[in-house]
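Q: Dropping the structure in here first, questions after.
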Amino acid sequence: MSFIEIKHVSQSYDRQHNVLEDLSLAIEEGQMVTLLGPSGCGKSTLLRLIAGFEKLQEGAILINGQDVSQLPPSQRQIGMVFQQYSLFPNLNVFDNIAFGLKMAKVNKEEIQTRVKEILALINLTGRENDFPNQLSGGQKQRVALGRALITKPKVLLLDEPLSAIDALLRKNLQQEIRRIQQEMNITAIFVTHDQTEAMAISDQIHIMNEGKIIQSGSPRDIYTHPKNLFAAQFIGQYNLLAADQVKQLLGYETIHSVAIRPETIEIGDVFLEEGEDYFSTQAKITDVQTNGNILTYRLLTESGIELRADQIFRSFNYFKVGDTYPIFIKKDNILEVPA
């Protein structure tokens with residue numbers, strides 16, 4: 001039995017459109033699981049149903065073997081962190097974090113002890129007397145995380161908590177959230193539309209679209225073996241070739257599209273004939289962009305197909321725009337992906 005079980009959940013806001021459609025999902029204890037998908041795919045609705053903020057129409061939600069489908073939020077032992085910090089502006093950091101304990105009428109000594117522990121966990125020791133307007137966005141989000149954890153919930157839910165934070169701080173907070181989740185060994189569900197974020201923090205990723213789970217797996221499995229065209233389009237910067245382009249570039253017929261990761265395309269100096277394990281052709285470099293330590297090349301192959309190739313920026317001896325070079329792709333990196 002899994003720690004969280006979502007069984008045949010369906011939810012609709014009108015009779016014409018199902019936000020969730022017969023969705024089932026199992027989550028193991030202590031995992032950080034990410035629901036990844038575009039806006040409107042149903043991931044936040046599923047999170048609100050688990051939290052009890054919406055009434056479940058069909059199916060069941062079990063936590064540690066208990067059916068919580070009809071329980072109010074206060075009885076589900078769930079902590080929730082929202083996209084907006086939702087801190088009380090008139091309360092300092094200590095009182096914001098302690099709010100749930102005070103509502104539960106926990107004695108003052110225990111409140112002091114537990115808030116002190118949480119402040120250390122979220123790296124805000126010494127800031128307990130500050131008010132929200134004295135904090136940065138990242139600090140506010142850590143306070144919101146501390147407030148969700150202070151009651152020792154069975155499950156932590158995070159609904160796009162980092163989407164309003166700048167890129168550099170966002171990466172740091174991803175690491176902090178992951179560290180805290182692992183230290184507490186708490187089962188967590190993280191909602192995001194950012195595939196890079198999902199890859200960085202997750203034990204398991206569930207790609208959602210139109211109210212359904214499209215693909216589930218570890219970050220590595222999801223990235224290297226997309227199950228279908230939607231997953232390949234959503235999870236990375238794959239080169240996606242329609243069946244007629246496959247015939248044009250690779251020389252064989254297929255009824256499916258083909259996906260090729262840009263980092264698996266090698267650009268060389270010497271042309272080699274196509275081998276048993278790899279495909280080779282010539283390509284002209286039409287553009288190059290520097291993305292930190294990655295050089296992204298735009299290629300036009302001799303068969304007229306455009307490709308993207310990513311190379312690590314190791315030196316200043318990079319390939320020149322306008323020149324033609326051999327390119328090589330290992331055949332096991334050419335993946336067929338059904339619609």
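Q: Scan (1) 33, 22, 18; (2) 45, 25, 15; (3) 32, 28, 20 for the value of semi-axes √(5λ) of the Cα gyration tensor in Å calculated from this model and give just the label.
A: From the options (1) 33, 22, 18; (2) 45, 25, 15; (3) 32, 28, 20, the structure gives (2).
Q: For region 264-339, what is the convex hull volume of the alpha-carbon atoms per residue, in Å³?
A: Numbers: hull volume 8.8 nm³, N = 76.
For region 264-339, the hull spanned by Cα atoms encloses 116 Å³ per residue.
Q: Shifting gears a bit: What percentage of the solvent-accessible surface of the chain, computed with a 1.4 Å probe over protein heavy atoms, is contributed by carbon and sulfur atoms?
A: Using a 1.4 Å probe with all protein chains present, the chain comes out at 47 percent carbon and sulfur.
Q: Work out, in µm²/s and without decimals, the Stokes-Einstein translational diffusion coefficient of region 1-135 at 10 °C, 1.306 mPa s, Rh from Kirkwood over C-alpha pairs.
A: The estimated diffusion coefficient comes to 91 µm²/s.
Q: Excluding ligands, DNA and RNA, what is the solvent-accessible area per residue of the chain at a probe of 1.4 Å, expressed in Å²?
A: On the way: 17240 Å² over 339 residues.
Normalised by residue count, the accessible surface of the chain is 51 Å².
Q: Okay, moving on. In region 243-339, which trypsin sites (Lys or Arg not before Pro) fall in coil by DSSP and have 13 or fewer other Cβ atoms within 10 Å?
A: Taking region 243-339 and a limit of 13 other Cβ atoms within 10 Å, the loop trypsin sites (Lys or Arg not before Pro) found are Arg314, Lys320.
Q: Show me, for region 122-137, the HN-Hα J-couplings you get by feeding each phi into the Karplus relation (A = 6.51, B = -1.76, C = 1.60, θ = phi - 60°), rounded to Hz, glycine and proline as x.
A: With the stated coefficients, region 122-137 comes to 9, 6, 10, 4, x, 10, 5, 9, 6, 9, x, 6, 9, 10, 6, x Hz.
Q: Explain nothing, just compute: Karplus ³J(HN,Hα) = 6.51 cos²θ - 1.76 cosθ + 1.60, θ = phi - 60°, for every residue of region 301-311 in order, whole Hz, x for Gly and Pro.
A: For region 301-311, the Karplus-derived couplings read 6, 5, 8, x, 8, 8, 9, 10, 10, 9, 10 Hz, x marking Gly and Pro.
Q: Further, regarding this structure: For the chain, which span is the longest to avoid every loop-located (per DSSP) member of GluC sites (Glu not before Pro) having at most 10 other Cβ atoms inside 10 Å?
A: Between exposed loop sites, the widest span is 1-252.
Q: Which length gain, in nm to one decimal place, applies between Arg179 and Thr125 when the Cα-Cα distance is subtracted from 0.36 nm times their residue separation?
A: 17.8 nm
Q: Which loop-located chymotrypsin sites (Phe, Trp or Tyr not before Pro) does region 211-266 contain, where loop means any DSSP state but H, G, I, E or B and the Cβ has at most 14 other Cβ atoms within 10 Å?
A: Hits after loop and neighbour filter: Tyr252.
The values are calculated or read from the model by the stated rules, or taken from the named source; none is laboratory data. These numbers come from a predicted model, not from an experiment. Neighbour counts run over all protein chains shown; Cβ positions are idealised from the backbone, glycine included. The protein model used for the area step is the full one, side chains on, heavy atoms only, and it has no ligands, DNA or RNA in it. Shrake-Rupley method; radii C 1.70, N 1.55, O 1.52, S 1.80 Å.
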